[in-house]
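*Asks:* Okay, handing you the structure first.
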Amino acid sequence: MIPPAWQQRLQQQAGRRRALGRDRAIRPAAGIDVCSNDYLGLRRDARLAEAAAAAARAFGTGTGAARLLRGSTALHEELEGALAQWKGTEACLLFNTGFQANATLIPALVGSGDAVFSDALNHASLVDGCRLTRAGGAHLGIYRHRDQEDLERQLTAWRTAASPGALALVATDAVFSMDGDAADLPALVELCERHGALLLIDEAHATGLLGSSGAGLAQQQGVHGRVPLVMGTLGKALGSFGAFICCGDLMRDHLVNTARGFIFSTALPPPSVGAALAAVRIAQAEPWRQEKALALADRLRSGLGQLPHPSAIVPVPLGPDAEAVRLAALLQARGFDVRAVRPPTVPEGSARLRLTTGAHLEAAQVDALLAALREALKD
Ligand code: PMP
């Protein structure tokens, strides 16, 4: 029984209740996926399914323990090796989710008296990592979205007042999840190197999709291997589940021993690890997937009269919640699996459709989506 006072609080907070994804789709089986993060179209690839099954047969369906107990397998290490090589770093450490990685890695690094600086539009998991850090006595500076000058001003002001041994970390999404715009990584690398700050980038929406070998935005922007902490996820372009941090050996050792989301959580199941390993190889061997997803995003963007962006995320800004919900329903009725994105996922008054493209789509489907969108917007 929930006590009445709690019942009342839950009811008060239900004003903007969102339904689970599947619930909102009118024809979930038939809907054309233009809203997931399956950028390379690998989620249903038979080779990933086979790799997952083989991993289950060889290592079991679950690991039964955290990596520091007996949850570590040769497959986990093989995936870490493949990811480090891809991202151009010495080492890599798997985490169970991107959320867990971001939320627990920042507090594992930034202590009392230190500082963390975070882009105003960073993903919720980075935000929570920063909040935990602040609760631990660190300074938290939120700088204006993609504004290096504001970041530098804040870093300089903090340094003037900080104690001599205090350290700073800067955290940013590489590709921002709701707008699809990108951070200026060369500028951030330069700024952080100049200020002795540690840079953490979240390549959840860039891994597999951007760069000459799909390694991510750092590769695309020419700072491959120069970012000390590169986080990425396995559940988006790589069609599996889980996350990782690519970094140096010393950093990996530190995280193994201090990141609570790593230490106190059962290791990733072998099928997820096996599928991710297959996906990393396919992503590099089949660059057409990356090229197709990005070309379709360009097609969609130009059809909407938007400027080019280096990602497969195409937002359609609408403003009021009701308008986003109405449009999503209209498009769903025409067979497109589109969802309204509303606050608190995006700032108040900026509800939108968040469209995405992937290698599973065809140009004709994107054109049909554009036609349906134009018609719905005319209404
Ligand atoms: N960072 C970003 C930028 C994301 O978009 C997401 C997923 N929405 C995450 C982190 C969290 O990753 P995961 O889904 O693996 O928890």
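The values are calculated or read from the model by the stated rules, or taken from the named source; none is laboratory data. Just so it is clear, the structure is predicted and the values come from calculations on it, not from any experiment. When we count neighbours, we look across all protein chains shown, and the Cβ atoms used for this are built from the backbone with ideal geometry, even at glycine. Remember, those area values only see protein heavy atoms, side chains included, never the ligands or the DNA or RNA. Shrake-Rupley method; radii C 1.70, N 1.55, O 1.52, S 1.80 Å.
*Asks:* Step by step: first the residues of the stretch 167-202, then only those that are within 12 Å of the ligand (Cβ to nearest atom) and either in contact with a Cys (Cβ under 9 Å, 6 or more places away or on another chain) or at positive phi (or both), then the one that is modelled with the lowest pLDDT. Which residue is that?
*Replies:* Gly180
*Asks:* If I filter the stretch 234-257 down to residues being more than 12 Å from the ligand (Cβ to nearest atom) and open to solvent by 30 Å² or more (accessible area, probe 1.4 Å), which single residue comes out as farthest from Gln219 (Cα to Cα)?
*Replies:* Asn257
*Asks:* A further question on this structure: Could you tell me which of the residues Ser213, Ser265 is within 15 Å of the ligand (Cβ to nearest atom) and surrounded by fewer than 19 Cβ atoms within 10 Å (Cβ to Cβ)?
*Replies:* After ruling out the rest, the residue left standing is Ser265.
*Asks:* What is the number of the single condition among (1) among the hydrophobic types (A, V, I, L, M, F, W, C); (2) surrounded by fewer than 20 Cβ atoms within 10 Å (Cβ to Cβ); (3) within 17 Å of the chain's Cα centre (by Cα) that Ala82 does not meet?
*Replies:* The single condition Ala82 does not satisfy is (3).
*Asks:* Please verify whether the stretch 236-246 includes one or more residues that are without any contact (Cβ under 8 Å) to a residue 40 or more places away in the chain and not aromatic (Phe, Trp, Tyr). Explain how you work it out, then say what you get.
*Replies:* Within the stretch 236-246, the first condition is being without any contact (Cβ under 8 Å) to a residue 40 or more places away in the chain, and the residues that meet it are none.
No.
*Asks:* May I pose another question? Name the single residue that is nearest to Asp179 (Cα to Cα) among those in the stretch 97-153 being without any contact (Cβ under 8 Å) to a residue 12 or more places away in the chain and within 16 Å of the ligand (Cβ to nearest atom).
*Replies:* Among them, the one singled out is Val127.
*Asks:* Would a scan of the stretch 293-308 turn up a residue that is among the basic types (Lys, Arg) and open to solvent by less than 10 Å² (accessible area, probe 1.4 Å)?
*Replies:* There is at least one residue in the stretch 293-308 that is among the basic types (Lys, Arg) and open to solvent by less than 10 Å² (accessible area, probe 1.4 Å).
*Asks:* Tally the residues that are open to solvent by 10 Å² or more (accessible area, probe 1.4 Å) and either acidic (Asp, Glu) or under 16 Å from the mean Cα position of the chain (by Cα) (or both), restricting the search to the stretch 104-133.
*Replies:* Counting residues in the stretch 104-133 that are open to solvent by 10 Å² or more (accessible area, probe 1.4 Å) and either acidic (Asp, Glu) or under 16 Å from the mean Cα position of the chain (by Cα) (or both) gives 9.
*Asks:* Just one of (1) away from the ligand (no atom under 16 Å from the Cβ); (2) touching a residue at least 60 places away in the same chain (Cβ under 8 Å); (3) more than 26 Å from Ala52 (Cα to Cα) trips up Gly71, so point out which.
*Replies:* Failing condition for Gly71: (3).
*Asks:* Another one. Given the residues Asp298, Asp367, which is the only one that is closer than 27 Å to Asp45 by Cβ, in contact (Cβ under 8 Å) with a residue 60 or more places away in the chain and of a type in the set (Asp, Glu)?
*Replies:* Asp367
*Asks:* Test Ala206 against the stated conditions and say whether it is among the hydrophobic types (A, V, I, L, M, F, W, C) and either within 16 Å of the ligand (Cβ to nearest atom) or modelled with pLDDT under 95 (or both). Lay out the reasoning, then the answer.
*Replies:* On the way: among the hydrophobic types (A, V, I, L, M, F, W, C): yes; either within 16 Å of the ligand (Cβ to nearest atom) or modelled with pLDDT under 95 (or both): yes.
Answer is yes for this residue.
*Asks:* Output yes when any residue across the stretch 46-66 is modelled with pLDDT of 95 or more, within 16 Å of the ligand (Cβ to nearest atom) and open to solvent by less than 20 Å² (accessible area, probe 1.4 Å), and no when none is. It would help to see each step written out before you state the result.
*Replies:* Keep residues of the stretch 46-66 that are modelled with pLDDT of 95 or more, which gives 46-66.
Subsequent filtering for residues that are within 16 Å of the ligand (Cβ to nearest atom) retains none.
No, the conditions are met nowhere in the stretch 46-66.
*Asks:* Counting only residues that are open to solvent by less than 10 Å² (accessible area, probe 1.4 Å) and either farther than 22 Å from Asp38 by Cβ or in contact with a strand residue (DSSP E or B) (Cβ under 7 Å, 6 or more places away or on another chain) (or both), how many does the stretch 317-353 have?
*Replies:* The total comes to 9.
*Asks:* Is it the case that some residue within the stretch 220-230 is within 16 Å of the ligand (Cβ to nearest atom), assigned to a strand (DSSP E or B) and touching a strand residue (DSSP E or B) at 6+ places or on another chain (Cβ under 7 Å)?
*Replies:* For the stretch 220-230, residues within 16 Å of the ligand (Cβ to nearest atom), assigned to a strand (DSSP E or B) and touching a strand residue (DSSP E or B) at 6+ places or on another chain (Cβ under 7 Å): present.
*Asks:* Here are some conditions: (1) within 18 Å of Ala259 (Cα to Cα); (2) in contact (Cβ under 8 Å) with a residue 12 or more places away in the chain; (3) not hydroxyl-bearing (Ser, Thr, Tyr). Leu191 meets all but one. Which one does it not meet?
*Replies:* Just one mismatch for Leu191, condition (1).
*Asks:* Further question: Any chance the stretch 89-96 includes a residue that's without any contact (Cβ under 8 Å) to a residue 12 or more places away in the chain and of a type outside the set (D, E, K, R)?
*Replies:* no
*Asks:* Can you confirm whether Pro287 is away from the ligand (no atom under 15 Å from the Cβ), touching a residue at least 12 places away in the same chain (Cβ under 8 Å) and open to solvent by 20 Å² or more (accessible area, probe 1.4 Å)?
*Replies:* yes
*Asks:* Being part of a helix (DSSP H, G or I), under 21 Å from the mean Cα position of the chain (by Cα) and polar (S, T, N, Q) is the filter here, so list the residues in the stretch 240-291 that pass it.
*Replies:* Ser272, Gln284, Gln290
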